[in-house]
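In what follows, a single structure is set out as structure tokens and then discussed.
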Amino acid sequence: MANTLLEVKNLIKTYDREEFFSTKKFLALDGISFCAGENTSESFSVIGSSGCGKTTLAKIIAGLIEFDFGEVKFFGKNIKSYAPREFASMTQMVFQNPYASLNPKLKIKSSFLEAFYGAQKDEAYKIIEDTLKKTGLDAGILDKYPHQFSGGQRQRIAIARSLLKKPKLIIADEPFASLDVYSQNMITDIFSDIRKNFGISIMLITHDISIAKRFAQRMIVMDGGKIVADGNYDDIAGAKENKYIYDLISAMEL
Amino acid sequence: MKKILKNKAALIALIFILFVTAAAVFAPLITPYDPSEQNLPQRLSAPCAQYFLGTDDLGRDVFSRMVFGARISVSVGVFAVLLTVLIGVTIGMTAGYFGGTADAVLMRFTDIVLCFPTFFLILLVIAFFEPGIYSVMIVIGLTSWTGLARIVRAEVLSLREREFVLASRMLAVSRLRLLFVHILPNVISPIIVYAAIGMGGAILTESGLSFLGLGVQPPAPSWGQILMQGKDYIYSAWWLSVFPGIAILLTVLSFNLTGDFLRDILDPKDAN
Ligand SMILES: Nc1ncnc2c1ncn2[C@@H]1O[C@H](COP(=O)(O)OP(=O)(O)OP(=O)(O)O)[C@@H](O)[C@H]1O
Ligand SMILES: [Mg+2]
């Protein structure tokens, strides 16, 4: 549907696993389907334990890896029929490890200018300055190298970069998993700001249900490559027959 | 810089390399005699005030010949290593980045070249071309890139999944830019280390080939070749084999030490 931000239909993904003398298929995503952002922007979180396929799902939606079966559509159009530049302004991704998210050999400026290949320089700088202001960053960072920043600052820079293309959806894959509490709060605040001020939808991946609950109404719970619950906190709590959800909710109610 | 001063062995090695390189570059200015000037009455003269590393069986000054030999060693090293890096990096990057069939084909090819003995290839080349400095450079270059290709491939394989590469892909950056701006600069340290150690290896192979008469041809002076002439006089004129032997040993050792040292300082763990 042309008004729906994201449609994921029956996604199946297998990885090849090398064993001693053979390669075995490993089913990482086992028929994932959901929609998000019908007629409006919509932020939601994806919760699941380690290895349940969250990153795999994120990378597929971001167009970074191939999949075996199913389809992913942005505004009714299959991601495979988007031109790369056009797709870049559809979705961007923020990764778990801020230390690996910026090329250590490039100044921040060069990393940022990649978003404006073929565009006017002064126009690019205008958007960059604007974005820095909105993410609470100083223009002085542009002439520095990644190693001059802490993990939290790097994550903030990576988030700023994800905004440059003015995407409709930002996929944030456990963006605070490797940060201290202070930086976690800072990053959460930035994401709330982005949602309010830019009207961008955010898909937040986490394994922490309390973060998910604070972040958005809607939560999609994954377990073993499948979606086991999708809805608000009460909907999730109603699906306690699933062992993983039971553990999540019990931990929450402690 | 501080680290260089701390590591005395590496410092000495670096100074020695600079010294050999300077000798190679300024050879005509340093040498007291023309390297092929013969002084038959003074043949096989032991080190003395006039010829301080002695003379060979044709009365040529060993010191002058060794300084000019440094030229050959250094240029063989430099060109062979350039060729090694060019081939190794191209094949390693292509295999690592594109994966799949390209990877399988290129790596099997690498395995085949790896099994190919340098000395057999030089015999083959000599059978078709003239033996000499160029054949030596090319043969060394053509046979010593395999290790580098494997290292580069492994690095590229992990770099292409690294978050900053994925982030750039999401900005619709071109493949060329991904390869040359994001991936290549991040594999430069293992390449430099390999090149330093490869210099030592190339110089050693050149000496070996020339010693066997398969490399640089007389009257051009090369360390391996002076060594070969010296073997007939090893009991009567020790200086003919000892000095070039020491020169080869120290130069190869210096390049290896420098390579190890570079590996230590370029290690990503220290970079942060
Ligand atoms: N490139 C790969 N090759 C083979 N198996 C893989 C690959 N990437 C992921 N997997 C496997 O697929 C499964 C899902 O991985 P994924 O990274 O999507 O999990 P995740 O939910 O993001 O976990 P985490 O919370 O630890 O990040 C895991 O069992 C993992 O081992
Ligand atoms: Mg993950």
Looking only at residues in region A:77-88 that are open to solvent by 30 Å² or more (accessible area, probe 1.4 Å) and of a type in the set (Gly, Ala, Ser), which one is nearest to the other protein chains (Cβ to nearest Cβ)? A:Ala83
Considering region A:44-67 alone, what residues qualify as being assigned to a loop (DSSP other than H, G, I, E, B) and within 9 Å of ligand 1 (Cβ to nearest atom)? A:Ser49, A:Ser50, A:Gly51, A:Cys52, A:Gly53, A:Ile65
Could you check region A:132-154 and list, in sequence order, the residues that are open to solvent by less than 10 Å² (accessible area, probe 1.4 Å), closer than 18 Å to A:Lys107 by Cβ and within 14 Å of chain B (Cβ to nearest Cβ)? A:Pro146
Hey, does region A:46-55 have a residue that's polar (S, T, N, Q), within 16 Å of ligand 2 (Cβ to nearest atom) and away from every other protein chain (no Cβ under 14 Å)? yes
Answer residue from region B:100-143, given it is out of contact with any Ser or Thr (no Cβ under 7 Å at 6 or more places or on another chain), more than 24 Å from B:Pro219 (Cβ to Cβ) and outside any helix (DSSP H, G or I) and is most open to solvent (accessible area, probe 1.4 Å) among those: B:Cys115
Given region A:159-250, what helices (runs of 4 or more DSSP H) lie entirely inside it while holding 3 or more residues that are within 30 Å of A:Glu114 (Cα to Cα) and at pLDDT below 90? A:181-193
Does B:Leu184 meet the test of being surrounded by fewer than 22 Cβ atoms within 10 Å (Cβ to Cβ), part of a helix (DSSP H, G or I), more than 15 Å from the chain's Cα centre (by Cα) and in contact (Cβ under 8 Å) with a residue 40 or more places away in the chain? yes
Report yes if A:Ser110 is out of contact with any Ser or Thr (no Cβ under 6 Å at 6 or more places or on another chain) and assigned by TED's automatic domain parsing to the domain that holds A:Asp193, otherwise no. no
Take the residues in region A:1-40 that are in contact with a Leu (Cβ under 7 Å, 6 or more places away or on another chain) and either β-branched (Val, Ile, Thr) or part of a loop (DSSP other than H, G, I, E, B) (or both); name whichever of them is least open to solvent (accessible area, probe 1.4 Å). A:Ile32
Within region A:91-111, residues more than 7 Å from chain B (Cβ to nearest Cβ), polar (S, T, N, Q) and in a loop (DSSP other than H, G, I, E, B) come out as A:Gln96
Within region A:12-32, the count of residues that are more than 16 Å from ligand 2 (Cβ to nearest atom) and within 11 Å of A:Gly225 (Cα to Cα) comes to 5
Considering only region A:200-212, state which residues are of a type outside the set (A, V, I, L, M, F, W, C) and either in the same structural domain as A:Ala160 (by TED's automatic domain parsing) or under 16 Å from A:Ala172 (Cβ atoms) (or both). A:Ser201, A:Thr206, A:His207, A:Asp208
Does A:Asp230 count as surrounded by fewer than 21 Cβ atoms within 10 Å (Cβ to Cβ), without any contact (Cβ under 8 Å) to a residue 60 or more places away in the chain and not assigned by TED's automatic domain parsing to the domain that holds A:Tyr125? no
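The values are calculated or read from the model by the stated rules, or taken from the named source; none is laboratory data. Remember, predicted model here, so these are calculated numbers, not experimental data. Every residue, glycine among them, receives a Cβ derived from its backbone with ideal geometry; neighbour counts consider all protein chains shown. Surface accessibility is based on the protein's heavy atoms, side chains included, excluding ligands, DNA and RNA. Shrake-Rupley method; radii C 1.70, N 1.55, O 1.52, S 1.80 Å.
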